[in-house]
1. Give the separation of the Cα centroids, the stretch 90-133 to the stretch 526-584, in Å.
2. What order, most packed first, do the peptides 403-411, 524-532 have when packing is the mean number of other Cβ atoms within 10 Å of each residue?
3. Counting alpha carbon pairs within less than 8 Å and at least 6 residues apart, what relative contact order, in whole percent, applies to the chain?
4. Please label the shape of the stretch 504-571 as rounded, prolate or oblate, based on the square roots a ≥ b ≥ c of the eigenvalues of the alpha-carbon gyration tensor (a/c under 1.5 means rounded; beyond that, a/b larger than b/c means prolate, else oblate).
5. Quick check: Cα centre of the stretch 438-467 to Cα centre of the stretch 30-48, how many Å?
6. P(r) of the stretch 41-107 in 10 Å steps, Cα pairs, percent per bin?
7. Can you give me the pair-distance distribution of the stretch 354-400, C-alpha pairs, 10 Å bins, whole percents?
8. Quick check on the chain: helices-only [θ] at 222 nm, where DSSP H runs of length 4 and up contribute -39,500 (n - 2.57) each and the sum goes over total residues. Nearest 500, please.
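What follows draws every value from the coordinates through simple rules; no lab data is involved. This is a predicted model, so every value here is computed, not measured. For neighbour counting, all protein chains shown are included, and Cβ atoms are generated from backbone atoms with ideal geometry for every residue, glycine included.
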């Protein structure tokens, strides 16, 4: 370890020298002058210089509202291709680096074990990281970071659904212990690195949530316990929560900037089409956008700027106290292809959540530097908003950058493939607020009683979240009386009471008396918490359902909505009656009937699919079952959970419907096999979609056969099962193919599957 420390010390010295020249970034940086139109909006830069810029120079190209500024926290060589950050209880910043991501347009070497997780520290309190330690080295593209205690860090890596715990046992800032704390029953998608999970956030309910993988986790000692989420969870890169545990996902594959925020995904996905409109999905870059998947259909005709969200990533709810109060609770949505960050106002109207852009046809943050790639945001312990800028040339995975593709041509024309190995982390500040960087803390060394007091910090959600998490992990019963008193204290802020209740619940110490007393809280948000916790209470107390039933008359729509959700999986006569009575008694509550109808429709569809599957022989049933799992993890991203496409906030889907699709129901599946092996682009039956279907040929024959067997037997489709040998035959016949298919080409192919699907070859 001594030799390693010498090497790390050398790196730290180099980094300290590099950052000495960046001190000026802590002062206000004057943006370059720009032209504005009559409305005061910045005119689009039509001819940006693609040459990578220094961090200080880059800041001059990033435009923010009056009073806001960016400060540089870290940059290359201290960090390289960062994608996610997280602070531990001692205020140190973990940084996940995808050091092998798209180092050329072919994605060469992406599976190499050359990526890192770094630990950054600001040792002198000036707001700039000056100490770097490689916490974990030689791993495959880390995707999630969840610090626990005692040097433990939960991590998920690309191409696996397992969860690993890396631990520093001797306090030198370097992990020396690696443990698999959760082994997934499903194999991670082994082909496309974009279609895999992110997040692993510790939510208010003490469950950890991720995108893609249909599971949520609880920590039990040294193990992470997985709980299946029946209807799956949305993709893709990014997941956040607000003060009240409301989760916000996104879906870059279907170009949906935010989704699944009406109710916790544990109770099923619900996305009303009008939770935002087409105006919200339009984006307003200030630089021409050459490198967009989808080509001209995704560009404005006048200035070639991105016209619609595409690569949504790394969203967060701002929950700090070092920026103007009107920003608190807003949803920040980075769009790295557009070089922007959207600020969305979140509105609750009788239990229904809607989003709108905070500005009229412009964005909160926008850059004319085409290497600006905001991929994550987070509220820090100091109350500021942090922005992770990958500062990378290529931001699209290699399935969409093949030779001959629209995107490949633009990448090579601008030389974007040359910008690798850089990255910046910025802090967003405001003239009227001055963060204190010199104040040091270490929650790991605080007593449990001291941690409880952090639940009273109602100005910065990071402190409440971290304190609750550590209290639940410690499970120190000595603080239970204090938490009980805090949960029922009418003089405490409602957020403090909510966290006290959830902390008690996470510690297994929420007694019935405290829980039922909280039902009478004057704040509806506390009563909603009581209804939510009621699902756990009913597991151990048979009388809890009768106590919950008293909330049916609650005057608040959110409380009644949560009560309905809490009853969803109880499956008793009492719970069913409560659901029925709620819908009947409150016909004007928009979400009650909508949520329940959606849930019951999905139950019916699931039963119908199970019946069809039961009628198949063993091999066919196995294929269909496997395909159903894969579809719910991957394909529904664009094609929808019902096979009808994803339509939210607009009128058209980003991918063709599979339900009733004549190509899906065709006697022979060869076209579909070719599409999954090599991809599909261009118009499909007269409709042009903004995204191409990526090739999935990196998966084995059984994987491809399973997906096709499922989609041909569900959604009302009547196609026959596809066997792995069918896929093998087509794969062999198309082995030399490198180009993506077009529909016109597929319509003229000469089939190779003749024995089963040609003349005289009946389907099995």
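1. Spelled out, the Cα-based centre of one part sits 45 Å from the other.
2. Peptide ranking by packing, descending: 524-532, 403-411.
3. In percent, rounded to a whole number, it is 11.
4. Judged from the Cα gyration tensor, the stretch 504-571 comes out oblate (a/c at least 1.5, b/c at or above a/b).
5. 43 Å
6. 14, 33, 38, 14, 1
7. Once binned at 10 Å, the Cα pair distances of the stretch 354-400 give 20, 37, 37, 7.
8. The per-residue figure over the chain is -8000 deg cm²/dmol.
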